[in-house]
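Single-structure report; data block below.
Every read-out reported here was derived from the displayed coordinates using simple, explicitly stated rules and does not represent laboratory data. Just so we're clear, the structure is a prediction, and the values are computed from it rather than from any experiment. Note that each Cβ is placed from the backbone with ideal geometry, even for glycine, and that neighbours are counted across all protein chains shown.
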Amino acid sequence: MARVDHGMRRACMGALVGLTIMLAPSTYGDEPAAAALTVLSWGGAYERAQQRALFDPFTEATGTPVEVEQYDGGIAELRRAVAEGDVAWDLIDMTRSQAKAACAENLLDPLPSELLAPAPDGTPAERDFIDGALNRCSITHSVFATVVAYRRDAFPGRRPTSIADLFDQQRFPGPRALQRTPAVNLEWALLSYGVPKEEIYRLLSTRRGLSLAFERIDSLENLHWWKAGDTPVRLLAENEVVMASGYNGRFFDAMINRDLPIEILWDGQVQEHETWAVPRHAAHPDIARDFIRFATSSERQAALARLIPYGPSRHSATLQVTTHPDSGVDMRLHIPTHPLNTERAITKDDDWYARSHTRINDYFQDALLDDREDSGDR
Amino acid sequence: MLRFLGLVVLGALIGGLAALAAVGFVSAVLWLNDLLLISPRGRMMFAHPEALAIATVLVPALGGLVVGQLHRAIRERRPHTPADVIAAVQTRRGRLPARAGFLSAVSGLVSLGAGASVGQYGPLVHLGATLGSLGAKLLKLGRSDDNVTIACGVAAAIATAFHAPLAGIVFAHEVILRHYALRAFAPVAAAAIVGHVIATNVLSQGALFHVADTAVPQPWEFAAFIVIGGLGALVAGAYMHAILAVGRWAARLPVVPSLRPALAGAALGLVALWVPDILGMGQETLRFATIEGAFGGFELVIVLVLKLTATALCIGMGFGGGVFSPALVIGTLFGALCGTLIGDTGLAGDTFVFYAVCGMVAVTAPVIGAPLTSLLIVFELTGSYVLTTAALASVTLASPIAAQLFGRSLFDIQLANRGLDLSAGRGRALLQSARLKHLLSQDCVTLNPRDSIDDAVASLGHHGHGEAYLVDDKGRYHGSVTLADLEVMRGRGQGQRRVRDCPRTPRPVLGPEASVWSAMHQLQDVTGEAIAVVDDKADDAFLGVVYESSIARAYLQYSEELRREEHGTG
């Protein structure tokens with residue numbers, strides 16, 4: 001009986017949301033009907049899931065087509081575009097750290113939290129979103145994690161259980177692949193020394209901590225540096241490496257949809273907030289805000305989390321996550337925010353990165369990359 | 001019974017207040033450190049290297065300037081420390097001065113915030129104690145209850161700051177109360193629990209040291225831990241004496257006392273440009289010292305010596321702040337050094353962190369005079385029983401050796417230098433600090449030396465006393481005579497002679513500042529009614545007498561109060 005009620009309520013809410021959206025365009029009647037929303041996102045399985053859970057339903061509800069462009073993160077492009085006054089995107093799907101950096105550089109429009117829809121039970125958005133989700137220029141829509149995945153067949157009779165195993169090529173021999181950025185790698189390197197997660201960024205703020213971390217990463221033999229998010233999956237699939245860092249969503253896609261013999265090591269996962277942000281000088285900022293309201297509703301968040309295992313940023317949405325619509329996999333176990341996966345989860349310190357990334361990057365380049373150019377990303 | 005339960009509730013209340021104060025203090029220090037570019041995090045997030053270098057020197061110097069001015073508002077011209085709390089409790093004086101207490105807390109806050117190499121637990125303990133004493137004062141409670149509420153504040157502060165309620169309870173007993181009574185235990189425990197609950201809900205601080213997988217040391221390594229304990233006692237001694245020596249040296253400096261901390265701050269900042277590890281409490285340094293390979297062996301020696309010197313400089317020159325956190329860092333560095341040396345022999349396994357923790361305990365336990373507390377801190381922070389037993393091995397030698405060579409703790413040495421000797425226990429300290437003044441009686445026969453013996457006998461007979469005191473016109477004391485001697489002279493027909501010709505009984509006299517303890521000792525050599533109290537600084541002015549019976553009564557009364565406080569149950 002309760003289930004029926006629940007379903008009824010969801011249907012009603014859906015209708016209500018639909019109605020709101022239908023009514024919305026009339027407010028902006030002077031908007032040309034053919035105007036399309038141009039979204040900059042990350043491509044791959046992530047974009048496919050967004051297409052199915054967010055973009056298509058948005059077009060269906062409002063008639064506004066959504067065009068998607070791809071990027072690999074970074075705000076250099078945005079900085080250039082804003083400076084030239086020629087911004088090609090209305091909405092950017094960016095990590096919170098980059099959104100904060102961009103916001104500080106005045107590259108983004110402020111986003112008031114009033115534009116967000118309340119939870120289905122009426123809880124105001126401010127209380128429904130997780131801590132740190134609502135920022136001046138960005139709104140967190142999901143939590144993803146950078147994790148290590150390993151080939152199940154690489155270490156007969158053994159399984160890596162701790163992030164320290166990433167650096168232990170004695171017990172877990174074989175090539176590794178890591179992202180060509182200081183972020184995440186430095187955190188894992190220090191974790192492998194037994195540093196508690198609460199102290200990671202304090203210690204990384206010292207030269208001693210950085211050298212310890214670089215030393216650990218430098219000790220890896222046969223290391224591939226990757227840049228694009230789908231590279232680690234490919235390297236694992238082609239057996240080029242036995243352990244690789246990567247986004248949990250991509251690994252999930254490879255495991256479930258492509259039956260790749262890999263497994264995720266959740267220990268030491270580094271969680272990041274993925275946000276929506278509207279660049280300055282965007283052509284259609286109003287449509288972008290309408291989309292944000294639509295896409296961050298509990299229903300749409302839960303729909304996205306059923307397709308790709310990113311933790312919703314709303315408490316009400318997390319409760320609604322169920323099984324994958326096609327494969328029937330219980331998605332709750334695969335989202336980074338599930339209690340089983342969060343025992344030693346680090347939340348990436350955006351403020352720290354926002355204000356120190358140039359220096360950290362320089363140290364990283366000097367310490368690790370100069371002599372490794374040749375073994376870089378293929 | 002009701003009164004006892006009331007005391008427990010009061011303990012919990014004070015615990016809550018002290019814990020909130022501690023939380024506020026700790027958060028404020030962290031905030032200041034980030035803001036003032038002291039914490040590594042703040043420094044890393046700051047983009048301009050030149051400005052950073054200037055701030056490194058300027059911030060501690062200016063902090064020192066502020067601290068120096070603050071101390072001018074305190075009567076003793078120095079921040080109050082746990083030593084003052086110990087003195088107040090051990091002598092049952094209680095009633096910690098609120099104003100000086102809060103000024104000392106602010107001084108500690110500014111010192112820590114500005115990056116002085118001092119600890120935060122000293123100010124926290126003193127702040128908790130001040131709050132406790134204030135509670136007792138407001139409720140007009142007696143001295144025993146005042147002691148208990150002070151202990152409550154202390155326990156809550158430690159429980160909150162370390163997330164270690166057991167260590168808080170034991171610290172209050174081991175260092176502050178120095179006795180164990182159920183009457184005190186229950187309120188102190190209540191305070192510690194409240195502190196712990198508040199800490200776990202408000203402070204999201206990680207464990208001080210985290211031990212991933214506990215390798216078990218080989219049997220012979222326990223012998224090494226014991227030896228580290230012995231050597232650690234020497235490091236602790238060097239640390240304590242460096243602080244005291246800088247204090248003595250600073251007193252001779254031709255610099256106004258209120259400017260000395262600024263001088264120390266500038267010196268600290270200059271050295272920190274080269275070795276930033278010495279700035280502030282050094283939590284990062286402490287963590288690195290538990291990681292094998294984070295420091296080279298030589299580097300450990302340098303940082304250890306510099307940290308020790310920097311702390312001695314900061315505290316000796318008058319910064320506010322504790323000695324515990326720097327001792328933790330110095331001890332851990334020392335332990336890491338031992339671990340590195342033993343690791344170089346290739347005999348030890350994966351037990352580096354054991355050496356670091358053993359060194360830490362071996363240095364801190366003697367400095368604060370609290371071996372059990374140090375052990376419990378290790379236990380509660382690591383939850384590792386193996387690590388605690390290793391620390392136990394180390395503290396076995398550390399504490400007694402340091403106590404033999406240097407004293408029970410830095411606090412005790414400081415108090416002894418100020419004239420309060422706690423080495424023979426509380427009873428003696430209490431009697432030594434109890435003044436005779438209130439026992440002084442004017443109910444005695446005084447005679448002018450020129451009075452005749454007949455008159456003297458008559459006067460004594462009239463007042464019913466057996467002794468008289470000779471006091472001249474100027475009020476000077478000239479010894480005492482007994483009725484028996486006067487009678488002997490009168491019997492010989494010398495009744496018209498002057499009293500001053502009568503043989504005087506050699507009697508010790510007491511000064512106006514004499515303690516009950518010294519009076520009790522004088523009594524052993526005296527047979528008579530009373531002892532004269534004479535101010536030899538005011539030309540032997542006669543102030544009155546103290547009756548033997550009242551000395552004995554006072555002695556019994558103090559002993560009884562102590563007995564009730566220490567052995568009573570409710």
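Near A:THR38, the amide H atoms lying under 5 Å from its own belong to A:GLU67, A:ASP90, A:LEU91; only residues 5 or more places off or on other chains count, and H is placed 1.01 Å from N.
Simple spin-label estimate for B:VAL305 and A:ASP56 gives 7.3 nm between the two label positions (7 Å along the Cα-to-Cβ direction from each Cα). Residue order for A:CYS137, B:CYS444, fewest other beta carbons within 10 angstrom first, comes to B:CYS444, A:CYS137.
Taking label points 7 Å from Cα along the Cα-to-Cβ direction, B:SER549 and A:SER211 give a separation of 7.9 nm.
State the Cα centre-to-centre distance between segment A:291-325 and segment A:99-150 in whole Å. A separation of 14 Å, based on Cα centres. Each residue, B:ARG563 and A:ASP131, gets one label point 7 Å from its Cα in the Cβ direction; the gap between the two is 5.5 nm.
Please identify which residues in segment B:284-308 have an amide N closer than 15 Å to a label point set 7 Å out from the Cα of B:ASP350, following the Cα→Cβ vector. Backbone N within reach: B:291-293. Neighbours of A:GLN169, meaning other residues whose beta-carbon lies under 12 angstrom from its beta-carbon, give a summed charge of 0 when Lys and Arg score +1 and Asp and Glu score -1.
Using the charge dipole of the protein assembly as shown (Lys, Arg: +1 at Cβ; Asp, Glu: -1 at Cβ; taken about the Cα centre), state which of A:PHE167, B:PHE352, A:PRO312 has its Cα farthest towards the positive end. Working it through, the farthest residue towards the positive pole turns out to be B:PHE352. Put +1 on the Cβ of every Lys and Arg and -1 on every Asp and Glu Cβ in the protein assembly as shown; which of B:GLY425, B:ALA129, B:ALA262 then has its Cα farthest towards the positive end of the dipole? Value computed over the given set: B:GLY425. Distance between the C-alpha centres of segment B:1-32 and segment B:343-372: 32 Å, rounded to the whole angstrom.
In this structure the amide hydrogen of A:SER138, modeled in the peptide plane, comes within under 5 Å of the amide hydrogens of A:LEU111, none closer than 5 places in sequence on its chain. Potential lengthening of the chain between B:ARG418 and B:GLN442 amounts to 5.4 nm, from the contour at 0.36 nm per residue minus the alpha-carbon distance. Share of pairwise Cα-Cα distances greater than 19 Å in segment A:129-185 is 49 percent (whole percent). Under the convention that each Lys and Arg Cβ holds +1 and each Asp and Glu Cβ holds -1, the size of the dipole of the protein assembly as shown around its Cα centre is about 3360 debye. Take every Cα pair under 8 Å whose residues are at least 6 apart in sequence, average their separation, divide by the length of segment B:285-392, and the relative contact order is 26 percent. Fully extending the segment from B:TRP274 to B:LEU483, taken as 0.36 nm per residue of separation minus the present Cα-Cα distance, adds 67.2 nm. Full extension of the chain between B:ARG498 and B:LEU52 yields a length gain of 152.0 nm, computed as 0.36 nm times the residue separation minus the alpha carbon distance. Taking only alpha carbon atoms, segment B:493-545 gives an Rg to Rh ratio of 1.07, where Rh is the Kirkwood radius.
Dividing the summed helix terms, -39500 (n - 2.57) for each DSSP H run of n ≥ 4, by the number of residues in the protein assembly as shown produces a 222 nm estimate of -17000 deg cm²/dmol to the nearest 500.
Taking amide H as placed 1.01 Å from N in the peptide plane, the amide H of A:GLY43 sits under 5 Å from that of A:TYR71, each at least 5 places away or on another chain.
Over segment B:219-421, the hull volume per residue, using the convex hull of the C-alpha atoms, is 112 Å³. Within chain A, helices built from complete DSSP H runs that reach 20 Å or longer along their own axis (Cα positions) and carry a mean Kyte-Doolittle hydropathy of -0.5 or higher are A:2-27. Taken about its Cα centre, segment B:434-559 carries a charge dipole of about 60 debye when Lys and Arg each add +1 at the Cβ and Asp and Glu each add -1 at the Cβ. With 28 Å as the limit, the listed pairs B:LYS137/B:LYS437; A:LYS100/B:LYS307; B:LYS140/B:LYS537 have A:LYS100/B:LYS307; B:LYS140/B:LYS537 beyond it between alpha carbons. Of all alpha-carbon pairs in chain B, indicate the percentage at a distance above 47 angstrom. Tail of the P(r) past 47 Å holds 26 percent of the pairs. Within chain B, helices built from complete DSSP H runs that reach 27 Å or longer along their own axis (Cα positions) and carry a mean Kyte-Doolittle hydropathy of -1.0 or higher are B:2-35, B:49-72, B:143-162, B:182-202, B:219-252, B:297-316, B:324-345, B:385-405.
The spread of Cα positions in the protein assembly as shown, taken along each principal axis and listed from longest to shortest, comes to 139, 66, 56 Å.
Projecting the Cα atoms of B:ALA116, B:GLY94, B:PHE185 onto the dipole axis of segment B:2-202, where Lys and Arg carry +1 and Asp and Glu carry -1 at the beta carbon, places B:GLY94 farthest toward the positive end. Using the Cβ-Cβ distance between A:LEU333 and B:LEU253 with R0 set to 60 Å, the FRET efficiency from 1/(1 + (r/R0)^6) comes to roughly 0.35.
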